[in-house]
1. Would segment 80-88 turn up any residue that is in contact with a helix residue (DSSP H, G or I) (Cβ under 8 Å, 6 or more places away or on another chain), open to solvent by less than 30 Å² (accessible area, probe 1.4 Å), at pLDDT below 95 and under 24 Å from GLN165 (Cα atoms)?
2. If a residue counts only when it is open to solvent by less than 10 Å² (accessible area, probe 1.4 Å), in contact (Cβ under 8 Å) with a residue 60 or more places away in the chain and small (Gly, Ala, Ser), which helices (runs of 4 or more DSSP H) contained entirely in segment 128-194 have at least 1 such residues?
3. What pairs come out if I take residues in segment 264-283 that are without any contact (Cβ under 8 Å) to a residue 24 or more places away in the chain and pair them with residues that are of a type in the set (A, V, I, L, M, F, W, C) and open to solvent by less than 60 Å² (accessible area, probe 1.4 Å) whose C-beta lies under 7 Å away, six or more apart or interchain?
4. Answer with yes or no whether ALA214 is under 18 Å from LEU202 (Cα atoms) and in contact with an Asp or Glu (Cβ under 8 Å, 6 or more places away or on another chain).
5. Write out, first by first residue and then by second, each pair whose Cβ atoms fall under 7 Å of each other, whose residues are 6+ apart or on separate chains, and whose first residue, in segment 195-210, is over 18 Å from ALA266 (Cβ atoms) and open to solvent by 10 Å² or more (accessible area, probe 1.4 Å) while the second is among the hydrophobic types (A, V, I, L, M, F, W, C) and in a strand (DSSP E or B).
6. I need the full set of residues from segment 229-246 which are in contact (Cβ under 8 Å) with a residue 12 or more places away in the chain and surrounded by fewer than 22 Cβ atoms within 10 Å (Cβ to Cβ), in order please.
7. When you scan segment 162-185, do you find a residue that is closer than 25 Å to GLU56 by Cα and touching a Pro at 6+ places or on another chain (Cβ under 8 Å), even just one?
8. Any chance you could count how many residues in segment 57-79 are closer than 14 Å to LEU149 by Cβ and open to solvent by less than 40 Å² (accessible area, probe 1.4 Å)?
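The values are calculated or read from the model by the stated rules, or taken from the named source; none is laboratory data. Fair warning: this is a prediction, and the values are worked out from it, not measured in the lab. Note: ideal-geometry Cβ built from the backbone for every residue, glycine included; neighbour counts use all protein chains shown. Surface areas here come from the heavy atoms of the whole protein model, side chains and all, with no ligands, DNA or RNA. Shrake-Rupley method; radii C 1.70, N 1.55, O 1.52, S 1.80 Å.
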Amino acid sequence: MAPGEAELRLRERLGRLRNLPLLGGTRLSAEVERLEKQLARLEAEPTDDEIWRSVELSRHPERPYTLDYVERLLEDWVELHGDRGRADDPAIVTGLGRFDGRTLALVGHQKGRDIKERTKRNFGMPYPEGYRKAIRVMELADRHGFPLLSLVDTPGAYPGVAAEQHGQGGAIARSQAAMARLGVPTVACIIGEGGSGGAIALALSDRVLMQENAIYSVITPEGCAAILWRDAGEAQKAAAAFKPDAVHCLELGVIDVVVPEPEGGAQTDWNGSATLLGESIGEALEELEGVPGDELRRRRRARFRSIGVYA
């Protein structure tokens, strides 16, 4: 998508909505307000320091993780374990629950709060078994007609020897292919770090949301700095160059919505952050409700094939 195209699309949509009669019971006024906020974010260009602040907040050890949002957003949560082939990878959690009265399936990365849990969950970096577990739940959602919600928060897929021996690259590719084929509404949200293929494996969705202080990129700032300047200490310089923050991801068309966070970041108020995230998820699911499966697949594939095309 060409730079500035996201802003033009938002302005065009705002113009169309403003010309519609606001009938009683519709959500048009709320949609107009939401689009105006998105446009304001695009017009307020973040500074290099603000971009690095997003990097720091996305990694904050007190930031809410997937299971923290599950506890606050879903009722009747049942976690599902195992890939039905090799193992259960704790770096990815999957399950079923009720959101706002409707049953949905959830897949998400899970980090840990202390050393013991971080080690158990491999710091949120999945093995292939984790992605195979996610695929199993995606297929379950498709079979029963449940919407799929993905919560993304990972530095990246685990790059160790064992993961490669188990087929890491193929597992990531198959996860993306499975999401592209789903005939149910899919919504993904970047809630912390959205690192490389490990993130996109769970984010090939109809609507991609991103929290205000999350990051989404093909490489970590440290990894980029190590490649370009042979010095991971230049991470802040690298982040300023490739801009992994939410505003720039919105401008590039990589995401659809920036989800606001409480003052100071999501870590300051878990309940408030969950409320804001829940509102955005609910709006996204309402937009997709009633769209036939074939049309969802067509739009999804067209959308992701267009990313990176520059005219």
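1. Yes, segment 80-88 contains at least one residue that is in contact with a helix residue (DSSP H, G or I) (Cβ under 8 Å, 6 or more places away or on another chain), open to solvent by less than 30 Å² (accessible area, probe 1.4 Å), at pLDDT below 95 and under 24 Å from GLN165 (Cα atoms).
2. On the way: elements: 128-144, 161-165, 168-181.
Once the helices (runs of 4 or more DSSP H) in segment 128-194 are filtered for at least 1 residues that are open to solvent by less than 10 Å² (accessible area, probe 1.4 Å), in contact (Cβ under 8 Å) with a residue 60 or more places away in the chain and small (Gly, Ala, Ser), what remains is 128-144.
3. LEU276/VAL259
4. On the way: under 18 Å from LEU202 (Cα atoms): yes; in contact with an Asp or Glu (Cβ under 8 Å, 6 or more places away or on another chain): yes.
Yes, satisfied.
5. So the pair list comes out as ASP206/VAL187; ARG207/VAL187.
6. Filtering segment 229-246 for residues in contact (Cβ under 8 Å) with a residue 12 or more places away in the chain gives 235-246.
Answer for segment 229-246, where residues must be in contact (Cβ under 8 Å) with a residue 12 or more places away in the chain and surrounded by fewer than 22 Cβ atoms within 10 Å (Cβ to Cβ): ALA235, GLN236, LYS237, ALA240, ALA241, PHE242, LYS243.
7. no
8. Within segment 57-79, residues that are closer than 14 Å to LEU149 by Cβ and open to solvent by less than 40 Å² (accessible area, probe 1.4 Å) number 5.
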